[in-house]
Amino acid sequence: MTRRTSWPVLVLGHAAIVIATAATLYPVLWVVKMALSPGQSFDASPSPWPRVVSLQNFADLWAPGSAMGLWRQLGNSLVVALATAAVGLASSATAAFAFSRLRFAGRQASLTFFLATQMFPGTMMAIPLYILLDDLGLLDTLTGLVLVYSTTAVPFCVFSLKGYLDTIPRELDEAARIDGASSWAVFTRVVLPLARPALAVTALFAFLSAWNEYILAATFLGDARTFTLPVALQQYVGEYHTEWGHFAAGAIVVSIPVMLLFFALQKQLVSGLTAGGVKG
Amino acid sequence: MLAPLLAVLLTAPRPVTLWHSYRAQEAEALQALADAFNRSQSRYALTLLAIPYDAMAAKVSAAIPRGHGPDLFIFAHERLGGWAEAGLLAPAASLPDVFLPGMAEALAWRGRQLGLPLAFKTLALFYNRALVASPPRTTDELLALAPALSDPAAGRFALAYQSGDFYYHVPWLLGFGGAIFDPAGRPELDTPGAVASLRFVARLARRGFIPQEASSALVTQLFAQGKAALAVNGPWFVGELPPAGLPWAVAPLPIVSATGQPARPFLTVEALFRSARAPDPEGARAAADFLVSDASALARARTARQLVANRAAYEDPEVASDPVLTAFRAAARDAVPMSSSPAMELLWEPAQTALRAALRGDDPAAALAAGERQLRALSLPPPPKAAPWASLAVVLLAGVAIVLGWHRSGRVPERGSAVAYAFVLPAAVATVALVLLPILFSVGLSAFHHRPDGGYDFVGLGNFVDILASRGYAPAEPLSFYFTLGVTLLWTAVNVALHVTLGVALALLLRAPWLRLSGVFRVLLIVPWAVPNYITALIWKGMFHRQFGAVNGLLRALGLPSVAWFSHFATSFAADVCTNVWLGFPFMMVVTLGVLSAIPRELYDAAALDGASPFQRFRHVTLPLLRPALLPAVVLGGVWTFNMFNVIWLVSGGEPGGETDILISQAYRWAFARQARYGYAAAYSVILFLILAAYALFAQRLMAGREARA
């Protein structure tokens with residue numbers, strides 16, 4: 001198909017995408033501007049460029065005694081988010097497979113149940129979860145946090161993975177079954193390899209949900225050595241006064257790993273989210 | 001062999017923990033004192049833990065009753081009443097007579113001393129000596145001075161302070177003779193003094209003497225840049241001002257000329273509380289006594305410039321020669337300790353509503369009358385106690401009806417295998433344990449009323465009846481459940497529609513074969529997704545500022561009039577929607593890109609051969625394939641938007657007057673900002689859940705239909 005596109009379409013199309021991108025980046029540039037401007041005030045002038053560039057705010061994050069001074073918090077966050085992704089993915093992949101491929105009583109009902117649990121306001125769950133973790137002896141531990149994060153991520157993971165698995169042609173697993181494969185073999189040898197993009201995206205989501213959370217983390221953790229990055233970041237927001245420069249610099253530090261992940265998973269992000277897909 | 005071990009155990013210092021939210025110098029000073037305490041004796045080791053201010057109150061309330069709290073913690077005295085009633089605080093062993101008047105008294109509750117004062121915060125008048133030679137001593141002087149110092153068009157103001165925040169209005173309210181509580185101790189709003197104070201600030205706003213919608217950041221910016229001659233602010237303001245080049249000083253707030261009374265700010269006492277569950281009361285007491293001693297107070301005042309509560313510190317030559325410390329010490333004489341009664345919490349929201357309405361130009365008397373009504377509606381009496389059996393019967397009947405309905409809906413149960421259950425088991429167990437149990441806990445909680453004293457009364461379905469019967473407000477009024485429900489549905493529909501439209505449009509554009517650099521644009525367009533929304537939402541709020549925001553700047557550049565975004569429902573709602581669309585469109589865009597990449601090119605080629613125009617190809621090839629594939633994303637997007645708390649809370653904050661609140665932010669207010677009505681909030685959540693569950697069921701049918709057809 002080599003039809004030439006007329007130049008007004010070209011110009012308008014490029015103009016539209018440039019404007020959309022500029023509008024999208026403007027607020028983000030502001031975060032960068034606050035992080036790079038020396039001092040802790042919130043400059044309200046509309047220009048997204050800093051007047052003076054300084055890396056002081058970033059340096060302060062690592063200064064000894066600062067709220068985010070320790071690599072340890074970055075490490076904690078990585079451990080928690082990666083473990084959440086792993087645990088969430090492992091438990092939801094099998095469930096998604098069952099929902100997509102197997103028949104059992106209560107299939108529809110439990111699928112609805114999974115979707116519905118996604119809907120209870122999280123802010124109301126902090127205190128019951130606190131009591132539950134305490135009874136399990138997991139308060140103050142990263143394990144407890146991972147448990148909470150991965151289970152709250154499970155319903156979404158199941159839902160999104162099932163949508164993708166539905167798009168993988170059934171003929172493939174039927175052929176394997178004729179060859180004598182068990183359900184487990186079909187799952188691990190046929191379906192999982194084909195679902196790789198969706199697995200990557202679902203893991204990314206679980207990772208993100210854990211990576212940015214701070215209210216539950218601040219409530220459940222009682223030891224500075226177990227604090228995650230967002231908890232430390234939130235310490236810059238005080239009762240009367242917010243340290244905007246530090247807060248913005250911290251937010252950028254929090255965002256960088258996510259952007260790297262987005263970049264690395266670009267391909268999977270596009271094909272793995274199809275959730276339901278298209279049967280061509 | 002045991003003896004040496006025993007000796008070590010006996011002599012090893014026993015741990016004492018202290019939670020605080022201090023930052024920077026105050027935190028450093030506290031740490032230095034903790035180190036000094038640990039050096040001074042060997043029986044106890046005091047360790048500090050900094051908790052984000054935002055999470056402190058909830059954490060303390062959750063941790064202490066379960067025995068995981070700290071031995072000591074630092075917080076403002078305003079929560080004292082609630083914590084005292086809930087039995088979280090231990091009384092102080094002794095009260096040394098070393099504190100400034102009023103400080104220790106603010107920490108007494110029902111005759112018991114439940115905390116020791118460390119420091120205080122209050123408001124004073126900052127002035128720029130380059131702009132005003134001597135600060136105004138009365139409001140008349142202020143009004144006489146103001147016209148020459150103000151030029152709103154050029155961004156110059158006589159006075160900058162957070163005029164829309166009730167805390168900053170209290171000095172005027174009390175100075176004009178207004179009150180916060182009636183003689184019987186109930187919170188009240190609509191008093192003649194309050195009307196006069198609102199008239200006064202409305203006049204300041206109308207004449208352009210003060211900036212509109214002033215946030216703390218804006219106040220700092222205006223004063224630091226010399227664009228505001230005066231500022232009402234607290235001691236924390238000092239740390240925000242440039243270290244050199246600005247000739248500023250601090251003075252007491254002016255006397256209200258109409259009454260001859262000084263403007264009286266609230267006094268907040270930062271207290272050291274001892275947990276009632278501290279395992280080692282001796283150690284906690286020893287550490288507390290050390291931290292509030294005169295010597296420690298002097299150290300805090302000297303190194304952190306803290307406004308300490310001890311009298312003696314102000315006699316120290318170094319402290320006495322600090323003009324800021326002495327000015328605030330003087331300001332504290334006129335200050336009134338903020339009430340620590342839980343009822344105070346209730347006043348905040350309606351007072352703020354009335355204040356902001358008056359600042360926008362509404363009639364002060366009418367604004368206060370509306371606020372008073374809101375106050376009465378919020379302090380609605382608890383539902384009557386109920387007999388458990390009657391409610392249980394209702395719930396059982398409803399359950400039976402649902403099961404019967406389910407049974408008769410003609411589903412054929414699917415035959416299953418044990419293998420299938422094994423596959424679902426891990427996810428199911430985890431979800432039931434950590435998601436369903438807390439939900440059931442909340443469902444149970446919704447049948448109770450949480451009393452201010454911490455106890456619970458069984459009220460059966462009373463909370464639900466109150467919500468659904470819209471007690472306090474007519475159903476069509478803002479702040480009623482039905483109005484909020486309508487706003488929530490509108491919010492969800494508008495957002496999802498815009499997410500999909502924008503996401504699909506941009507995805508189509510990115511897939512256009514003629515677009516240059518599409519890979520770069522694609523990466524840039526998903527950036528909003530990567531940055532935490534609790535900071536970008538705040539940036540958006542700043543962009544919608546009436547006088548200094550980028551959005552109005554753009555409008556002015558285009559020759560259009562500025563908009564007071566948060567003054568009207570429609571524009572405030574639009575600001576929320578804008579923010580949320582910005583946050584949410586990348587997801588839909590990425591999903592659409594995935595679908596588009598899966599459509600075989602041949603389909604388009606075939607359509608092109610048949611002579612279909614680009615629009616026809618979109619209409620007849622892309623759209624039919626896109627629609628079913630987007631459905632799950634739309635369903636999930638709907639749920640996320642419905643519960644999108646952060647945007648509403650951080651951008652409009654419900655402005656004007658709670659009209660842009662959605663159900664989840666209302667539930668949050670009932671639980672955490674209106675006398676801890678946990679039961680009522682839980683009932684709100686359950687209703688929210690039921691609405692969404694019905695939606696899920698509906699969506700499930702829709703998708704199952706697609707599954708069957710495919």
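Are there GluC sites (Glu not before Pro) in region B:1-110 that DSSP puts in a loop and that have at most 14 other Cβ atoms within 10 Å, and which ones? Present the calculation step by step, with values, prior to reporting the outcome.
Working: sites: B:Glu26, B:Glu28, B:Glu78, B:Glu85, B:Glu105; in loops: none.
Here no loop site has a sparse enough neighbourhood.
When Cβ neighbours within 10 Å are restricted to other protein chains, what is their mean count per residue of peptide A:227-238?
On the way: counts 4, 0, 1, 3, 5, 2, 4, 6, 10, 4, 8, 9.
The per-residue average across the peptide is 5.
Kindly give the semi-axes, whole Å and largest first, of the ellipsoid equivalent to region B:34-87, taking each as the square root of 5 times a Cα gyration tensor eigenvalue.
Numbers: eigenvalues 121, 32, 26 Å².
Value: 25, 13, 11 Å, ordered largest first.
Put a dot 7 Å past each Cα toward the Cβ at B:Asp610 and A:Arg103; how far apart are the dots in nm?
3.6 nm
Dividing the alpha-carbon Rg of chain A by 2.2 N^0.38 Å yields what? Intermediate values should be presented prior to the final figure.
Working: Rg = 23.1 Å, N = 280, 2.2 N^0.38 = 18.7 Å.
Compactness ratio reported: 1.23.
Percent relative contact order of region A:7-54, based on C-alpha pairs within less than 8 angstrom and at least six residues apart? List each step's numbers first, then the result.
Numbers: 24 pairs, mean separation 15.5, N = 48.
Rounded, it is 32 percent for region A:7-54.
For region B:654-687 and region A:111-165, write down the distance between their C-alpha centroids in whole Å.
The distance from the Cα centre of region B:654-687 to that of region A:111-165 comes to 22 Å.
Residues of region A:186-210 with amide nitrogen under 14 Å from the 7 Å Cα-to-Cβ point of A:Leu265?
Hits in region A:186-210 for A:Leu265 at 14 Å: A:196-210.
Name the residue, out of A:Ala206, A:Ala15, A:Ala23, whose mean-square fluctuation peaks in a Gaussian network model built on chain A with Cα pairs under 10 Å.
Looking only at A:Ala206, A:Ala15, A:Ala23, the biggest GNM fluctuation is shown by A:Ala15.
Using 13 Å as the cut-off for backbone N distance, which residues of region B:87-120 belong to the label zone defined by a point 7 Å from the Cα of B:Arg311 along Cα→Cβ?
Zone members listed by number: B:96-104.
Name the residue, out of A:Leu132, A:Leu269, A:Leu221, whose mean-square fluctuation peaks in a Gaussian network model built on chain A with Cα pairs under 10 Å.
Among A:Leu132, A:Leu269, A:Leu221, the largest mean-square fluctuation in the Gaussian network model of chain A belongs to A:Leu132.
Give me B:Arg156, B:Arg376 ranked fewest to most by other Cβ atoms within 10 Å of their Cβ, as a rough exposure proxy.
Numbers: B:Arg156 18, B:Arg376 15.
Result, fewest neighbours first: B:Arg376, B:Arg156.
Say R0 is 22 Å: what FRET efficiency, to the nearest 0.05, do B:Arg112 and B:Ala343 get from their beta-carbon distance? Intermediate results must be reported in sequence, preceding the final value.
Numbers: r = 19 Å, r/R0 = 0.86.
E(calc), rounded to 0.05, equals 0.70.
What FRET efficiency comes out for B:Val465 versus B:Val336 if R0 is 60 angstrom and r is the Cβ-Cβ distance? Round to the nearest 0.05.
Working: r = 39 Å, r/R0 = 0.66.
Once rounded, the FRET efficiency stands at 0.95.
Expressed as an acute angle from 0 to 90° and rounded to the nearest 10, what is the orientation of the C-alpha long axis of helix B:388-408 relative to the principal long axis of chain B?
So the helix axis and the longest Cα principal axis differ by about 20 degrees.
Taking neighbour counts of Cβ atoms within 10 Å as a proxy for exposure, in what order, fewest first, do B:Trp248, A:Trp71 appear? Could the numbers behind the result be given before it?
Numbers: B:Trp248 20, A:Trp71 9.
Fewest-to-most Cβ neighbours within 10 Å comes out as A:Trp71, B:Trp248.
Please work out the FRET efficiency for the pair A:Leu136 and B:Arg39, using the Cβ-Cβ distance as r and a Förster radius of 22 Å; give the result to the nearest 0.05. Don't skip to the answer; put the middle values down first.
Details: r = 39 Å, r/R0 = 1.76.
The formula returns an efficiency of 0.05 here.
For chain A, calculate the relative contact order in percent as a whole number, restricting contacts to Cα pairs under 8 Å that are 6 or more residues apart.
Working: 320 pairs, mean separation 83.1, N = 280.
30 percent.
Can you pull a Stokes-Einstein diffusion coefficient for region A:7-54 at 37 °C (0.692 mPa s), Rh from Kirkwood over Cα pairs, as a whole number of µm²/s?
Details: Rh = 12.3 Å.
Answer from the Stokes-Einstein relation: 266 µm²/s.
With an 8 Å cut-off on Cα pairs and a minimum separation of 6 or more residues, tell me the relative contact order of region B:481-674 in percent.
On the way: 184 pairs, mean separation 69.2, N = 194.
Computed over region B:481-674, the figure is 36 percent.
Once both labels are modelled 7 Å past Cα along the beta-carbon direction, what's the A:Ala175-B:Tyr482 spacing in nm?
Those two pseudo-labels are separated by 6.0 nm.
In nm, to one decimal, how far is the A:Ser54 label point from the B:Glu28 one, both placed 7 Å along Cα→Cβ?
Modelled inter-label distance: 1.5 nm.
Which one, A:Thr219, A:Thr228, A:Thr188, has the greatest fluctuation when you compute a Gaussian network model over chain A with C-alpha springs under 10 angstrom?
A:Thr188
For region B:499-643, report the % of Cα-Cα distances exceeding 25 Å.
Details: 4597 of 10440 pairs.
That tail contains 44 percent of the Cα-Cα pairs.
On average, how much area does the Cα convex hull of the protein assembly as shown cover when viewed from any direction, in nm²? Each step should come with its number before you reach the end.
On the way: hull surface 184.8 nm².
Answer in nm², one decimal: 46.2.
Determine the shielding of peptide B:521-529 by partner chains: average, over its residues, the number of Cβ atoms on other chains within 10 angstrom of each Cβ.
Whole-number average of other-chain Cβ neighbours for B:521-529 is 6.
Place a point 7 Å from the Cα of B:Phe672 along the Cα-to-Cβ direction; which residues of region A:189-229 have their backbone N under 14 Å from it?
Hits in region A:189-229 for B:Phe672 at 14 Å: A:213-220.
For peptide B:660-670, how many partner chain Cβ atoms fall within 10 Å of a residue's Cβ, on average?
On the way: counts 0, 0, 0, 1, 4, 2, 0, 3, 3, 0, 0.
Counting other chains' Cβ atoms within 10 Å and averaging over B:660-670 gives 1.
All of the numbers you see were taken from the coordinates with simple rules; none came from a lab. Note that the coordinates shown come from a computational prediction; the quantities given were computed from them, not determined experimentally. Positions of Cβ are generated from backbone atoms using ideal geometry, with glycine treated the same way; all protein chains shown enter the neighbour counts.
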